[in-house]
Amino acid sequence: MKGCTANEQLTKLLKEEVDVLFHKPRLVKKKKIRPTQFHRERSLYDWLGFNYLDEFLERYSDLYKGTLVDLGCGEAPYKPYFLQFVDKYVGVDWVESAQYKPDVISDLNRKIDLPDDFADTLISISVLEHLCEPQRFLNECFRILKKGGYMFIQVPWQWTVHSPPHDYFRYTPFALDYMLRKSGFIDIKVEPAGGIFSTIVLKLNYLSLRLIRGPLYVRLLVKYVLVPFWTMGQLFAPLLDKLDKRKINEAPGYFVIARKPF
Ligand SMILES: C[S@@+](CC[C@H](N)C(=O)[O-])C[C@H]1O[C@@H](n2cnc3c(N)ncnc32)[C@H](O)[C@@H]1O
């Protein structure tokens with residue numbers, strides 16, 4: 001905050017504090033590109049999970065700035081979305097894919113190959129569960145994040161084992177809070193991505209994929225029959241979730257926002 005008077009600095013800090021605590025999704029103007037618009041895994045049977053991620057990331061869009069580092073970026077599906085807000089996008093992963101070559105190749109279980117205070121904003125979507133040294137990773141996140149910077153995380157909770165053998169943990173909201181605090185983060189907020197009905201619908205939809213087998217015409221026919229069920233379930237689940245007062249306990253996943261103190 002170079003060039004700011006002490007008063008201006010204090011006002012800015014207070015505003016950021018209030019921004020996190022009382023964020024109102026509908027006040028944020030939507031940009032042309034939505035966060036998961038270019039995600040190759042977004043499908044007819046699981047778009048609900050991606051919609052939750054869109055809502056979460058869009059709600060905090062006024063906090064994205066400067067250099068954004070995407071830890072475990074995969075094919076960097078969120079890059080076009082974040083470039084609407086930040087000056088620079090840096091993708092980190094330990095493998096290159098046919099679609100994307102990470103800007104930094106680094107094993108997130110070890111020291112991340114970036115200097116201290118490098119990033120203004122950090123995101124890590126569906127990655128923490130794949131790390132066998134998660135606390136070390138969070139310590140590293142704290143190190144590479146600038147003071148006052150925000151980190152945004154998504155983790156699955158009621159989700160099948162995936163990307164074997166690198167699927168190590170599931171985290172309760174208390175574990176996420178504890179581990180982030182241990183690394184030095186503050187203002188930690190954990191929210192559910194949906195509730196019990198979203199969990200059931202997504203599980204049933206994934207289960208139904210097992211029915212799609214056999215010759216092509218049979219697969220097409222089964223898919224044709226399943227699409228209305230997939231769609232109805234995903235449309236109604238969020239409405240039913242609203243009736244569940246304890247949805248934080250049975251969510252498909254969690255979103256987390258945390259800040260490095262000044
Ligand atoms: C489920 S994918 C998520 C990719 C992307 N964040 C997204 O939301 O589409 C998990 C990503 O974490 C990466 N990953 C897993 N373990 C890692 C490690 N030890 N170091 C670096 N990246 C890792 C994988 O290569 C993969 O790209």
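Values quoted throughout were computed directly from the atomic coordinates according to the rules given, and no laboratory measurement underlies them. If you're wondering where the values come from, they're calculated on a predicted model, not measured in any experiment. Glycine also receives a Cβ, built like all others from the backbone with ideal geometry; neighbour counts cover every protein chain displayed.
Quickly run through region 241-262 and pick out the residues that are in a loop (DSSP other than H, G, I, E, B) and either touching a His at 6+ places or on another chain (Cβ under 8 Å) or not small (Gly, Ala, Ser) (or both).
Narrowing region 241-262 to residues in a loop (DSSP other than H, G, I, E, B): 242-246, 250-252, 260-262.
Lys242, Leu243, Asp244, Lys245, Arg246, Glu250, Pro252, Lys260, Pro261, Phe262, listed by residue number.
Would you tally the residues in region 97-122 being in contact with a Gly (Cβ under 6 Å, 6 or more places away or on another chain) and among the acidic types (Asp, Glu)?
Looking only at that region, the number is 2.
Could you tell me whether region 51-73 includes any residue that is part of a loop (DSSP other than H, G, I, E, B), on the phi > 0 side of the Ramachandran plot and within 12 Å of the ligand (Cβ to nearest atom)?
So the first thing to find is which residues in region 51-73 are part of a loop (DSSP other than H, G, I, E, B), and the list is 60, 64-66, 72-73.
Applying the additional criterion that residues be on the phi > 0 side of the Ramachandran plot yields 66, 72.
Checking which are within 12 Å of the ligand (Cβ to nearest atom) leaves us with 72.
Within region 51-73, one or more residues are part of a loop (DSSP other than H, G, I, E, B), on the phi > 0 side of the Ramachandran plot and within 12 Å of the ligand (Cβ to nearest atom).
Has region 77-93 got any residue that is closer than 18 Å to Glu133 by Cα, more than 16 Å from the chain's Cα centre (by Cα) and without any contact (Cβ under 8 Å) to a residue 24 or more places away in the chain?
Scanning region 77-93, I find no residue that is closer than 18 Å to Glu133 by Cα, more than 16 Å from the chain's Cα centre (by Cα) and without any contact (Cβ under 8 Å) to a residue 24 or more places away in the chain, so the answer is no.
May I ask you to list the residues in region 155-187 that are of a type in the set (D, E, K, R) and without any contact (Cβ under 8 Å) to a residue 12 or more places away in the chain?
The initial filter retains those residues of region 155-187 that are of a type in the set (D, E, K, R), namely 167, 170, 177, 181-182, 187.
Correct list: Arg181 only.
Please enumerate the residues belonging to region 99-109 that are more than 8 Å from the ligand (Cβ to nearest atom) and part of a loop (DSSP other than H, G, I, E, B).
Hits for region 99-109 are Gln99, Tyr100, Lys101, Pro102, Asp103.
Residue-by-condition table, conditions (1) of a type in the set (A, V, I, L, M, F, W, C); (2) buried (at least 18 other Cβ atoms within 10 Å of the Cβ); (3) more than 25 Å from Leu68 (Cβ to Cβ):
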residue	(1), (2), (3)
Ala119	yes, yes, no
Asp177	no, no, no
Lys189	no, no, no
Gly194	no, yes, yes
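Output the qualifying pairs, or none if there are none: Cβ atoms under 8 angstrom, residues six or more apart or on different chains, first residue in region 50-71 and within 27 Å of Trp94 (Cα to Cα), second residue part of a helix (DSSP H, G or I) and within 15 Å of the ligand (Cβ to nearest atom).
Leu57/Tyr81; Tyr64/Phe82; Leu68/Phe82; Val69/Ile144; Asp70/Lys79; Asp70/Phe82; Leu71/Phe137; Leu71/Cys141
Hey, any hits in region 129-145 for a residue that's touching a Gly at 6+ places or on another chain (Cβ under 6 Å), buried (at least 16 other Cβ atoms within 10 Å of the Cβ) and among the aromatic types (Phe, Trp, Tyr)? I'd like the intermediate steps shown before the answer.
Here is the first cut: in region 129-145, the residues touching a Gly at 6+ places or on another chain (Cβ under 6 Å) are 142.
Pick out the ones that are also buried (at least 16 other Cβ atoms within 10 Å of the Cβ) and you get 142.
Now restrict to residues that are among the aromatic types (Phe, Trp, Tyr): 142.
Yes, region 129-145 has at least one match.
Can you find even one residue in region 92-99 that is of a type in the set (A, V, I, L, M) and surrounded by fewer than 20 Cβ atoms within 10 Å (Cβ to Cβ)?
Within region 92-99, the subset of a type in the set (A, V, I, L, M) is 92, 95, 98.
Right, trim to surrounded by fewer than 20 Cβ atoms within 10 Å (Cβ to Cβ) and you get 95, 98.
Looking through region 92-99, at least one residue is of a type in the set (A, V, I, L, M) and surrounded by fewer than 20 Cβ atoms within 10 Å (Cβ to Cβ).
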